[in-house]
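See structure below.
The values are calculated or read from the model by the stated rules, or taken from the named source; none is laboratory data. All of these numbers come straight from a predicted model, not from anything done at the bench. Please note: Cβ atoms are built from the backbone with ideal geometry, for glycine as well, and neighbour counts cover all protein chains shown. Accessible surface is based on the protein model in full, side chains and every heavy atom, while ligands, DNA and RNA are left aside. Shrake-Rupley method; radii C 1.70, N 1.55, O 1.52, S 1.80 Å.
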Amino acid sequence: MNQTMAKSYSLAFISLFLLLFNSCQSIEQISIDYLQPADLSFPPQLRKVAVVNNTSDAPDNKLITEVQKTKENVPEVSRATAYANAAESLAEEIAHQNYFDEVVICDSALRANDKLARENMLSQEEVSQLASDLGVDFIIALENLQFKATKTIRYLPDFNCYQGAMDVKVYPTVRVYVPGRSKPMTTLHPNDSIFWEDFGGSVTEAAARIIPEREMLKEAAGTVPVKHLVPIWKTGKRYLYTGGSVQMRDAAIYVRENSWDNAFELWHQAFEGTKNTKKQMRAAFNTAVYYETKD
């Protein structure tokens, strides 16, 4: 790409909001899938990963006796089951992104048989043994999971129906271990809120349509950490200039037919075939969208 075209790319993005509302120019909105980078960058040799459940049955913030446990309002899933579901969900979400060559889930809770409280982190020996047993390059461990879920049901008079909603705040702790290292590669403490809602003609119907606790925990625990670990695909809106010349109009037709390479050739011709800086900028802007579709 020559220097003049590169400068036009910068001008295109800086001038976006001014140009979107130019009444003399045709603009078309499209949806594209794009890859959002993760917070972490893994070395290329780390291609096989195991996800393990290294949580404790007792939460970190308070001690709960056996008698108190039986009185807790956990109607659908026990804490141990919730953690197991969360680790499984995290593994599924990581596998779904197709970033690593292989994702393995360790079904066992590593601390299930502990008699005494111990440090959450895995030792260097444990990491090496797990990686060897599971045939992976490194370990991702779910080590704590705290959440606050609020269920609400309210009447919406304007629609003559009831809204059932679940608002969940999730606070997981995830560590990444590489064999041979004395300490974790990184520790993540992401937090996020997830909101679900549905509607019904009565309180009972609205309550029945609220996401079940088991599914809520699984989805929340898997969704929140994964975007910090691996790149994820997202859908966004982009805009294309579709008028001003024969090439620009024909290129818009190619885009509707999903023939992006043909559209690119016409935008390149439009850029090279004019000295008008506005027309060059529009062609360069469309070309930038083309490159984004190509990742």
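Report the one residue of VAL203, GLY244, HIS268 whose Cα lies farthest in the direction of the positive end of the charge dipole of the range 147-295 (charges on C-beta: Lys and Arg +1, Asp and Glu -1; origin at the Cα centre).
Most positive-ward Cα: HIS268.
Is the shape of the range 77-206 rounded, prolate or oblate, going by the alpha carbon gyration tensor and its root eigenvalues a ≥ b ≥ c, with a/c under 1.5 for rounded and a/b larger than b/c for prolate?
It comes out prolate by the Cα gyration axes.
If you take the square roots of the eigenvalues of the alpha-carbon gyration tensor of the range 198-245 and sort them as a ≥ b ≥ c, do you get rounded (a/c under 1.5), prolate (a/b over b/c) or oblate? Don't jump to the answer; show the numbers that get you there.
Working: a/c = 8.49, a/b = 1.61, b/c = 5.27.
Because a/c hits 1.5 or more and a/b fails to exceed b/c, the range 198-245 counts as oblate.
Rolling a 1.4 Å sphere over the protein heavy atoms, what is the accessible area per residue of the range 117-195, to the nearest Å²? Don't skip to the answer; put the middle values down first.
On the way: 4320 Å² over 79 residues.
Computed with neighbouring chains in place, this is 55 Å² per residue.
Under the Kirkwood approximation applied to all pairs of distinct alpha-carbon atoms, what is the hydrodynamic radius of the range 136-295 in Å?
Evaluated over the range 136-295, this radius sits at 20.6 Å.
Ratio of alpha-carbon Rg to the 2.2 N^0.38 Å globular estimate for the range 199-279, to two decimals, please.
2.02
Charges at C-beta only: +1 for Lys and Arg, -1 for Asp and Glu. How large is the resulting dipole of the range 188-282 about its Cα centre, in Debye rounded to 20? Numbers along the way, then the final one.
On the way: 13 positive and 12 negative charges, 127 e Å.
In debye, rounded to 20, the range 188-282 gives about 620.
State the percentage of accessible surface on the range 117-256 attributable to carbon and sulfur atoms; use a 1.4 Å probe and exclude ligands, DNA and RNA. List each step's numbers first, then the result.
Values: 3640 of 7300 Å².
It is 50 percent, rounded to a whole number.
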